[in-house]
Amino acid sequence: MHALFLDVRGRRVLVVGGGPVAARRAARLVADGADVHVVAPDVGDDLAALVESGAVRWAARGYAAGDLDGAWLAHTATGVRAVDDRVAADAEAAHVWCVRADDAAASSAWTPAVARAGDVAVAVTAGGDPRRSATLRAAIATLLETGALPLRHHRAPAAGQVTLVGGGPGDPGLITTRGRRALAEADVVVVDRLAPRALLDDLDEDVVVIEAGKGPHAHTLTQDEINAVLVEHALAGRRVVRLKGGDPYVLGRGGEEVAACVAAGVAVSVVPGVTSAIAVPAAAGIPVTHRGVARQVTILSAHDTTPDWPTLGRLEGTLVLLMGVGRLDAYAAELVAHGRAPDTPVAVVENGTLPEQRTTTGTLATIAGLARERGVGNPAVVVVGEVAALAEPS
């Protein structure tokens, strides 16, 4: 047996049969770009949908001589042994590869179980045991999806690209599988200070890592410089991952980076992440919304130096402040001055989702002093509202 892939794009493929197996084969062929012709007296709902969409052509009759004319490949799945035998015999005489659904041993070709992730496809055969093949395929698919297998290109792609990856709140296990796969394919990683940096240890040694961390009064790169770096490497034909903490589009300036790539003609995509504004409180036992307590949540960045305090003071529900420890005293005073009760519960969660996570609880009247006593510092998420009283002590 010789293993190979076939390029069926634009090529005629005959599918004989109208049941579920034939439908699955036809759907896969359509996805691969084949010119699919179905021959069957009747078709099931799945095949009928493909016919109605124009994705396949259907001859509503039994198999006949001449149906293989011009075909590069045939699949027969009628469930009738005599018909499948005839299709296979005609295909053999016409030098057309034929896949039999009923009898792999009598086929001249086989369809393996295939695991796909992006532009990577791994075909699995297991000695004619379909269930064994499917089990192996599932295991390999998981490794591909999570980036556990080596996915980097070793030939330069036709064009570079940028992928913004939301790394989540800090724990490396909270990045999405799609984000892990993007990292596994990266040639360049532009990383934030609050991204899950432990994931960098899994990169190939020749992957370029560029620090773009931002701390109070300490920016490694300005935002304009970050935008320029992303564009420069992508235009050089590299796969660039912008690894960010939380979600790129939640107070993360991801929109500006996407706009810079689009303006430069660079292909760009976004992998959403678990936002710290929701996940860090959750890790401390705080639901930002809770039935009968809070039905809305407002998120504010400490970088906003001119918040609308009158509006924030009037809002019901939960207020989440990101990176607000340095202004905690002033923020608490402003909220009280604009209508929030001094005894409103407050929780400050440092290093959320990480082993060193710590929670400090108090009220708007006391939290600033308590935070100073405990030496609370960023990265931290501040939760203001009745739900903060649900925090787990630490």
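The values are calculated or read from the model by the stated rules, or taken from the named source; none is laboratory data. All figures in this text were calculated on a predicted structure; none of them were measured in a lab. Because the Cβ atoms are built from the backbone with ideal geometry, glycine has one as well, and the counts that use them run over all protein chains shown.
Things to note:
- Of the strands (runs of 3 or more DSSP E) lying entirely inside the range 62-173, those containing at least 2 residues that are within 19 Å of the chain's Cα centre (by Cα) and surrounded by 13 or more Cβ atoms within 10 Å (Cβ to Cβ) span 113-117, 161-166.
- Of the residues 380, 391, the single one that is in contact with a strand residue (DSSP E or B) (Cβ under 8 Å, 6 or more places away or on another chain), over 20 Å from residue 168 (Cβ atoms) and crowded, with 17+ Cβ neighbours inside 10 Å is 391.
- Some residue of the range 310-317 being closer than 19 Å to residue 346 by Cα and of a type in the set (A, V, I, L, M): yes
- Checking each residue in the range 32-61 for being among the small types (Gly, Ala, Ser), within 30 Å of residue 119 (Cβ to Cβ) and surrounded by fewer than 14 Cβ atoms within 10 Å (Cβ to Cβ) picks out 33, 53, 54.
- All strands (runs of 3 or more DSSP E) inside the range 287-378 with 1 or more residues being in the same structural domain as residue 194 (by TED's automatic domain parsing), aromatic (Phe, Trp, Tyr) and free of Cβ contacts under 8 Å to residues at least 40 places away in the same chain: none
- Residue selected from the range 314-346 under the condition within 15 Å of residue 302 (Cβ to Cβ) and of a type in the set (Val, Ile, Thr), by the criterion surrounded by the fewest Cβ atoms within 10 Å (Cβ to Cβ): 325
- With respect to (1) closer than 30 Å to residue 325 by Cα; (2) among the small types (Gly, Ala, Ser); (3) free of Cβ contacts under 8 Å to residues at least 60 places away in the same chain; (4) touching a strand residue (DSSP E or B) at 6+ places or on another chain (Cβ under 7 Å), the lone exception for residue 167 is condition (3).
- Checking 349, 271 one by one, the residue that is surrounded by 15 or more Cβ atoms within 10 Å (Cβ to Cβ), within 25 Å of the chain's Cα centre (by Cα) and modelled with pLDDT of 95 or more is 271 and no other.
- In the range 2-16, the count of residues that are exposed (fewer than 13 other Cβ atoms within 10 Å of the Cβ), without any contact (Cβ under 8 Å) to a residue 24 or more places away in the chain and in a helix (DSSP H, G or I) is zero.
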